[in-house]
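To start, the structure under review is shown below, and the notes come after it.
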């Protein structure tokens, strides 16, 4: 099959997928940029965990709840994610599948309560990103990146205190490092007027740091009821790195004059604003051993309305393919809702379950194979065991995500049917000292 035949000729063009790596998800959550909730306790309750916390992961979910801790605690956690994505083109009827390995999302927390007056904590997490891989020889690679990844590491120092007898307050700073990488095959025919029917291997790597903040309130309404409000600010990361064109695939000893302005390597710059969130939770202790919680959360995905990519001397390559190096995204703000339950079945064992509904912020017009997702229902279950100073928690979550058919995309090569399968397993250990 001639690759040049499959290249879009619209002004949006082939490289509309170039920016897909910026919003990679494992399709475990239909949640735009965000990774699944940190910690097995939260995952086992479907991510519903704003009003009550049992370990130092409160730093992530609601920093005010560090006041629930009575002893210093160290909590490492790891989440394993597996997803499969299939795309069937409506233009060609060809199906491609991702070949993702299991993804690993680690995290670690430490917290120190001080005689019930205040508490300090530090969380190190991976709140955004992951990766998607298609075989380089697959159908998808002819018009979309075949390998892409996004990584983040967030450092979150936190402090909490108590006001009066019934109000916990907490706040923290987010210092987030992020890196991006992508590999893309691109036909050189559009640049040479068909004089050179070959593909070059395009790749780039970039990284940057952004700073934000978070704050939480927990109101102990009664002995058995709690209300919580949590805010996390947006974080803007400016990425800088290198863009390269692999000359080994050009297929000509002396490139045509049309390619003379391209450089094998140039600078790369772009910027991403990760969304702000506001969440409200209500928790009630139904019996001495059973707690139920309901959460609602607003996510400001609409800040991702366009994306500009600057590759220095090679911007002509983007202009030729896209008509512009700024792409329309137009994501939508979303509201998520969830219910969680935990039951202390015995003094040592706790059983958890949860459900969360996550609407996708990605409109059909701007969806790409690398950010393809749909509205989803997450069903989760978990089990915890504690003895003396040790706690261990295990959780499993499965996504119920319907297939999504796209017929109005700005890039006609992305029209087709997308099918998803995703699941998560999380393990958390806590040691009090």
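The values are calculated or read from the model by the stated rules, or taken from the named source; none is laboratory data. Values in this document were obtained by computation on a predicted structure and should not be read as measured data. With ideal geometry, Cβ positions are generated from the backbone for all residues, glycine too; neighbour counts draw on all protein chains shown.
Got a sec? Which of 92, 87 is surrounded by fewer than 17 Cβ atoms within 10 Å (Cβ to Cβ) and over 16 Å from residue 148 (Cα atoms)? Break it down into steps so the answer makes sense when it comes.
Details: 87 fails: surrounded by fewer than 17 Cβ atoms within 10 Å (Cβ to Cβ).
Only one candidate passes the filter, namely 92.
Please state which one of 430, 353, 389 is touching a strand residue (DSSP E or B) at 6+ places or on another chain (Cβ under 8 Å) and more than 24 Å from residue 72 (Cα to Cα). First the steps, then the outcome.
Details: 430 fails: more than 24 Å from residue 72 (Cα to Cα); 389 fails: more than 24 Å from residue 72 (Cα to Cα).
Only one candidate qualifies: 353.
So which residues in segment 386-423 are assigned to a strand (DSSP E or B) and over 20 Å from the mean Cα position of the chain (by Cα), if there are any at all?
In the first step, residues of segment 386-423 are kept if they are assigned to a strand (DSSP E or B); the result is 386-387, 390-401, 404-406, 416-423.
Answer for segment 386-423, where residues must be assigned to a strand (DSSP E or B) and over 20 Å from the mean Cα position of the chain (by Cα): 386, 387, 390, 391, 392, 393, 394, 405, 406, 416, 417.
In this structure, is residue 59 within 21 Å of residue 173 (Cβ to Cβ) and either touching a strand residue (DSSP E or B) at 6+ places or on another chain (Cβ under 8 Å) or in a loop (DSSP other than H, G, I, E, B) (or both)? Let's see the steps before the verdict.
Values: within 21 Å of residue 173 (Cβ to Cβ): yes; either touching a strand residue (DSSP E or B) at 6+ places or on another chain (Cβ under 8 Å) or in a loop (DSSP other than H, G, I, E, B) (or both): yes.
Against the criterion (within 21 Å of residue 173 (Cβ to Cβ) and either touching a strand residue (DSSP E or B) at 6+ places or on another chain (Cβ under 8 Å) or in a loop (DSSP other than H, G, I, E, B) (or both)), residue 59 qualifies.
Can you pull out every residue in segment 348-368 that is within 25 Å of residue 147 (Cα to Cα) and either in contact with a helix residue (DSSP H, G or I) (Cβ under 6 Å, 6 or more places away or on another chain) or not in a loop (DSSP other than H, G, I, E, B) (or both)? Show your work before the answer.
To start, the set of residues in segment 348-368 that are within 25 Å of residue 147 (Cα to Cα) comprises 360-368.
Hits for segment 348-368 are 361, 364, 365, 366, 368.
Taking the stated definitions as given, is residue 341 outside any loop (DSSP other than H, G, I, E, B), in contact with a strand residue (DSSP E or B) (Cβ under 7 Å, 6 or more places away or on another chain) and modelled with pLDDT under 95?
Details: outside any loop (DSSP other than H, G, I, E, B): yes; in contact with a strand residue (DSSP E or B) (Cβ under 7 Å, 6 or more places away or on another chain): yes; modelled with pLDDT under 95: no.
So residue 341 does not fit the description; no.
Being within 30 Å of residue 163 (Cβ to Cβ) and surrounded by 24 or more Cβ atoms within 10 Å (Cβ to Cβ) is the filter here, so list the residues in segment 117-142 that pass it.
Going through segment 117-142, the residues within 30 Å of residue 163 (Cβ to Cβ) turn out to be 117-125, 127.
Across segment 117-142, the qualifying residues are 119, 121, 123, 125, 127.
Under the condition of being closer than 17 Å to residue 423 by Cα and assigned to a loop (DSSP other than H, G, I, E, B), which residue from segment 101-126 is modelled with the lowest pLDDT?
Let us first name the residues in segment 101-126 that are closer than 17 Å to residue 423 by Cα, namely 101-106.
Narrowing the set further to residues that are assigned to a loop (DSSP other than H, G, I, E, B) leaves 101-102.
Working: 101: 67, 102: 79.
The extreme case among them is 101.
Would you confirm whether any residue within segment 49-56 is in contact with a strand residue (DSSP E or B) (Cβ under 6 Å, 6 or more places away or on another chain), part of a helix (DSSP H, G or I) and crowded, with 24+ Cβ neighbours inside 10 Å?
Keep residues of segment 49-56 that are in contact with a strand residue (DSSP E or B) (Cβ under 6 Å, 6 or more places away or on another chain), which gives 50-52, 55-56.
Okay, now just the ones that are also part of a helix (DSSP H, G or I), so none.
Looking through segment 49-56, none of the residues is in contact with a strand residue (DSSP E or B) (Cβ under 6 Å, 6 or more places away or on another chain), part of a helix (DSSP H, G or I) and crowded, with 24+ Cβ neighbours inside 10 Å.
Just one of 94, 104 is free of Cβ contacts under 8 Å to residues at least 60 places away in the same chain and under 15 Å from the mean Cα position of the chain (by Cα); which is it? Break it down stepwise before answering.
Numbers: 94 fails: under 15 Å from the mean Cα position of the chain (by Cα).
None of the other options fit; the residue is 104.
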